[in-house]
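Student: Sharing a structure below in structure tokens format, with a few things to ask.
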Amino acid sequence: MNTRIQVEHTVTEAMHLDLDLVKLMIDQGISERLYMPAHVPDMCQDTYDKLRLSESRHAIEGRVYAENPFRNFLPSPGLLQLVELDSGPSWLRIDSWISTGLTVTPLFDGLLCKVIVTGKTREEALSRFTQALNSCKIYGPPNNIDYLKAIAGSDEFRDGLYTTRFLDDFAYIPCTLTVILPGIECTVQDLSGRSVGLGIPRGGPMDALALSAGNRLVDNPIMTEGLEILIVPTIACELEFSSSTVVAITGKEVKAYVNNTLVAMWSRIIVPSGARLRLEIEAETETSHSGFRVYLSIRGGLPSIPAYLGSKSTSMGLGGYQVSLSSRYSDQYSHTCQGRSLLSGDQLSLGFCGPVESDKTRNESIDSILIPKYSSDWTIHVLPGPQDDEEFLSPAGQSAFYSTKWHVSTDSNRLGIRLSSSNNIQWARTSGGEGGSHPSNILDNGYASGTINLNGDTPVILGNDGPDMGGFLSVCTVASAEMWKLGQLQPGNTICFKRISWSCSKTIHKALGEWDRAVCLSLNGHRLPPKLRLPWDLDLTDDYETAILYEVGEDHERVIYRQAGDAAILVDFGLMKLDMNIRARIHAFQTVLHKQSPAGLRIICPCIRSVMCHYDPSLVSQSEFLSSLITIQESLPPSVENMEFPGRRITLPIVLDDPWNKEALERYMATMRRLAVYLPSNIEYLAKNNGLEPSEALRRLIQTDWVYRQSLLTIYPHE
């Protein structure tokens, strides 16, 4: 008996239906042990000779590995971000152990699955094999699926003219992009972003105009993902393309070279097979202080990066590219992560990325008048609110805020853009009451994207990766159609905020639409409209309304509807105090809001004494949405005493020092921060604060009456 199953037993079983070699091996072992007669049909060679002669079919097996064929089959451990294997057809068999979210370690064989097909002829089997590989989606670290498809599609293999040395000379050229130099930061972003809420950052490009123009240039769907790149003098970005690829470079003005040949931005560029694209900035030029981010659009996008929570965008450890951390953080394998910036050596698979015949009928670049203007002295249009009123800022403070020329701090990123000025914020109060000791503090409320948060006396513009709720007040909110400007704010630039009305924000949005249509006209060789309104040249009057859209009631019965940009309304209940009755009323409000789902409602963000209601301004006007919210609020019972809400009780075990907690801390220290007072152990943190040894702190903690009672409740929940 051979106790080791043949590696390709699946091909044999595919050739002969109802044949199970594993079962036969077990049966053989049993028969030999029990001295069963040798003439049992399953144990006779004649049975299998007849089986071989009675059936005629062809079978092909492909072994899918987590390895990189383009790098001499280098093992590629990492997180499998998406796994979809189609085993529906009767002619297809897939043997696999993998699933979405599983981590492939470097400690074992990298075999992910076996793909086996059958056909009446060799040609049919080959066709089905390619079809099966095309249907397999295994996204994450590099694998050899494209390599297998290339072999199956080669003339030598299809004609059966190969030998055992066939692969020695097999020319495999994948469609890939390899990062040679990533610049300061290089991330995958798509225009859709995420709309989950619940604290999940939206993500997406900081400058949506630049990425959308790039997609138009390479003839991608406008929402296609691209690369957002940040470079500075002496720190360049360099990428190598394994096959001929059509790209476009937009955003901040930089020097772009293809194999040392200067190429134009805001135009369609063909990067030849094996060529390198280099982006760099010359120090102290006329444009070095204007603009900040560069965007690279690639024909076909990045199909091997799966959407995560509705988007491919890289954001705060979510989505985008993933990699094993073992080679970068420790000598031993530890774990993998997603949602990080690209690094040197990263390789991304491309789709169909080369030039096409229709390119000859389109212009290579857009009209220069359509290229956005980046400044070092910006005016950004904002809508007052939610907390731009005399309850929080004095009248003089409100006026001063909008007349101040704010400077962009170096402590800025995709989460928030910090601003500074020699002027102090002029408050209308001395503290935040129950919200906190500083007048900028409030009880937690929701944030709109692009809101200008006051963190103490420091304004912070919340960016695409910023929080959606918190305990600081927000003076105003950037108009949606002006958000692209945030992506090009460079440290040292200045900003002046100009208040506009909701209707004026729609004017800017319409100008954006006109600009996008003009880009398409320009690329297709058509004349531009004679009276084209460009988003960066609009001269809008200082026309705005108060941040408070509607107010009713007094004290605990008060409800205030506050403007939060052009796509959200913050509904405040009662006074700035912690009150369970108010919280019950908010819960009732959000329950009815969810149930009725008024026109335009996107997501809601309920907090302690308020609800941020996000809506789609392309589907409903601010006044219409406000009317819906007022109607729902007025439909609630006047008292909460008789309100009932469904509830649930969740009992979790009390675990203070376990392997999973330690692993989580190690991961946090490897990817977030290594030093903090509470690191490397919660137990050590407690021990230091109480002047104890860690073992003594743990012993005293588990012997407390509270832990003892909770432990009993976990074991005897009904006692």
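The values are calculated or read from the model by the stated rules, or taken from the named source; none is laboratory data. For clarity, every value in this text was computed on a predicted model and none was experimentally measured. A quick note on method: Cβ atoms are made from the backbone with ideal geometry, for glycine too, and the neighbour counts reach across all protein chains shown. What goes into the accessible areas is simple: the full protein's heavy atoms, side chains included, and nothing from ligands, DNA or RNA. Shrake-Rupley method; radii C 1.70, N 1.55, O 1.52, S 1.80 Å.
Student: Determine, from the Cβ-Cβ distance of R699 and D444 and an R0 of 35 Å, the FRET efficiency 1/(1 + (r/R0)^6), rounded to the nearest 0.05.
Tutor: Computed FRET efficiency for R699 and D444: 0.45.
Student: Continuing with the same structure: Per 0.36 nm of contour for each residue apart, how much would the distance between L415 and T541 grow if the chain were fully extended, relative to their Cα-Cα spacing?
Tutor: Net length gain for the segment: 42.3 nm.
Student: Let me ask you something else. May I ask you to evaluate 6.51 cos²θ - 1.76 cosθ + 1.60, the Karplus curve with θ = phi - 60°, for each residue of the range 210-225 and list the ³J(HN,Hα) values in order in whole Hz, giving x for glycine and proline?
Tutor: Result, rounded to whole Hz: 5, 5, 5, 5, x, 5, 5, 5, 8, 6, 8, x, 4, 8, 4, 6.
Student: When the dipole is taken about the Cα centre of the range 337-424, and only Lys, Arg (+1) and Asp, Glu (-1) are charged at their Cβ, what size is it in debye, to the nearest 20?
Tutor: Approximately 280 debye in magnitude.
Student: So how do 625-634, 691-700 stack up, highest first, on mean other-Cβ count within 10 Å?
Tutor: 625-634, 691-700
Student: Residues with beta-carbon under 12 Å from that of D159, excluding D159: net charge, scoring Lys, Arg +1 and Asp, Glu -1? Could you put the intermediate results ahead of the total?
Tutor: Numbers: positive: R122, R158; negative: E123, D155, E156.
Every neighbour counted, the sum reads -1.
Student: Charges at C-beta only: +1 for Lys and Arg, -1 for Asp and Glu. How large is the resulting dipole of the chain about its Cα centre, in Debye rounded to 20?
Tutor: 400
Student: Can you give the local net charge around H556? Use residues other than it whose beta-carbon is closer than 15 angstrom to its beta-carbon, Lys and Arg +1, Asp and Glu -1.
Tutor: On the way: positive: R558, K577, R583, R585, R609; negative: E434, E551, E554, D555, E557, D572, D579, E641.
Taking every other residue near H556 into account, the sum is -3.
Student: While we're on this one: Using a probe of 1.4 angstrom, how much of the accessible area of the range 510-639 is carbon and sulfur, in percent?
Tutor: Roughly 52 percent, rounded to a whole number.
Student: Do any trypsin sites (Lys or Arg not before Pro) in the range 137-182 lie in a DSSP loop with no more than 15 other beta carbon atoms within 10 Å, and if so, which?
Tutor: Within the range 137-182, the qualifying trypsin sites (Lys or Arg not before Pro) (loop, at most 15 other Cβ atoms within 10 Å) are R165.
Student: Here is a further query. Would you mind putting 187-193, 551-557, 587-593 in packing order, based on average other-beta-carbon counts within 10 Å, highest first?
Tutor: 187-193, 587-593, 551-557
Student: Give me the distance in nm between label points sitting 7 Å out from Cα along the Cα-to-Cβ direction at V22 and L534, one decimal.
Tutor: Each label point is offset 7 Å from its Cα along the Cβ direction, giving 6.7 nm.
Student: Return the lysines within reach of K531: Cα separation strictly under 25 angstrom, same-chain partners fewer than 8 residues apart disregarded; answer none if there are no such residues.
Tutor: Reachable lysines: K373, K485, K498, K506, K510.
Student: Right, here's the next one. Separation between the Y685 and L74 pseudo-spin-labels, each 7 Å from Cα along Cα→Cβ, expressed in nm?
Tutor: Spacing of the two 7 Å Cα→Cβ label points: 3.7 nm.
Student: What does the accessible area per residue of the range 202-282 come to in Å², with a 1.4 Å probe and no ligands, DNA or RNA counted?
Tutor: Heavy-atom accessible area per residue stands at 32 Å².
Student: Grab the Cα-Cα distance for E124 and L198, subtract it from 0.36 nm times how many residues apart they are, and report the gain in nm with one decimal.
Tutor: Working it through step by step, the gained length comes to 21.7 nm.
Student: Another one. So which chymotrypsin sites (Phe, Trp or Tyr not before Pro) in the range 157-189 end up in coil per DSSP with only 14 or fewer other C-beta atoms within 10 Å?
Tutor: Working: sites: F157, Y162, F166, F170, Y172; in loops: Y162, F170, Y172.
Answer in residue order: Y172.
Student: Here's something else I'd like to know. If each of I235 and Y550 carries a label point 7 Å out from its Cα toward its Cβ, how far apart are those two points in nm?
Tutor: 4.9
Student: When only Cα pairs under 8 Å and 6 or more residues apart are kept, what is the percent relative contact order across the chain? Display every interim value, and only then the final one.
Tutor: Details: 1479 pairs, mean separation 68.2, N = 719.
Relative contact order for the chain comes out at 9 percent.
Student: Any aspartates and glutamates with Cα under 18 Å of the K120 Cα? List them, leaving off those in the same chain fewer than 8 positions away.
Tutor: Within reach: E13, D18, E55, E61, D159.
Student: Would you mind putting 177-184, 141-148, 397-404 in packing order, based on average other-beta-carbon counts within 10 Å, highest first?
Tutor: So the peptides 177-184, 141-148, 397-404, ranked by packing, come out 141-148, 177-184, 397-404.
Student: Taking amide H positions as placed in the peptide plane 1.01 Å from N, state which residues far from T451 in sequence (5 or more) or on other chains have amide H under 5 Å from it.
Tutor: So T451 has HN proximity to L462, V478.
Student: Then there's this: Can you list the HN-Hα couplings for the range 510-517, worked out from phi with the Karplus curve (6.51, -1.76, 1.60; θ = phi - 60°), rounded to whole Hz and with x for Gly and Pro?
Tutor: 5, 5, 4, x, 5, 4, 5, 5
Student: Taking 56 Å as R0, compute the FRET efficiency from the Cβ-Cβ separation of I369 and E641 and round it to 0.05. If you can, show how the numbers build up before the last one.
Tutor: Details: r = 65 Å, r/R0 = 1.15.
FRET efficiency, I369 to E641: 0.30.
Student: Would you pull out the residues with amide H under 5 Å of V263's amide H, same chain only if 5 or more places away, H placed 1.01 Å from N?
Tutor: Here the answer is A256, Y257, V258, since their amide H atoms fall under 5 Å of that of V263.
Student: Can you list the lysines whose alpha carbon is less than 27 Å from that of K360, not counting same-chain residues fewer than 8 positions off?
Tutor: Answer for K360, where 27 Å is the Cα cut-off: K255, listed by chain and number.
Student: Continuing with this model, one more query. Report, by chain and number, residues whose modeled amide H sits under 5 Å from the one on G319, excluding near sequence neighbours (fewer than 5 apart, same chain).
Tutor: G339
Student: List, in order, the whole-Hz ³J(HN,Hα) value for each residue of the range 243-249 obtained from phi through the Karplus relation with A = 6.51, B = -1.76, C = 1.60 and θ = phi - 60°; use x for Gly and Pro.
Tutor: 9, 4, 9, 9, 9, 9, 10
Student: At a Förster distance of 45 Å, what's the computed FRET efficiency of S90 paired with S273, Cβ-Cβ distance as r, to 0.05? Before the final figure, lay out each step's value.
Tutor: Details: r = 40 Å, r/R0 = 0.89.
Step by step, r from the Cβ atoms, then E = 0.65.
Student: Please say if the range 454-523 is rounded, prolate or oblate, where rounded means a/c under 1.5 for a ≥ b ≥ c the square roots of the C-alpha gyration tensor eigenvalues, and otherwise the choice is prolate for a/b larger than b/c and oblate otherwise?
Tutor: Judged from the Cα gyration tensor, the range 454-523 comes out prolate (a/c at least 1.5, a/b above b/c).
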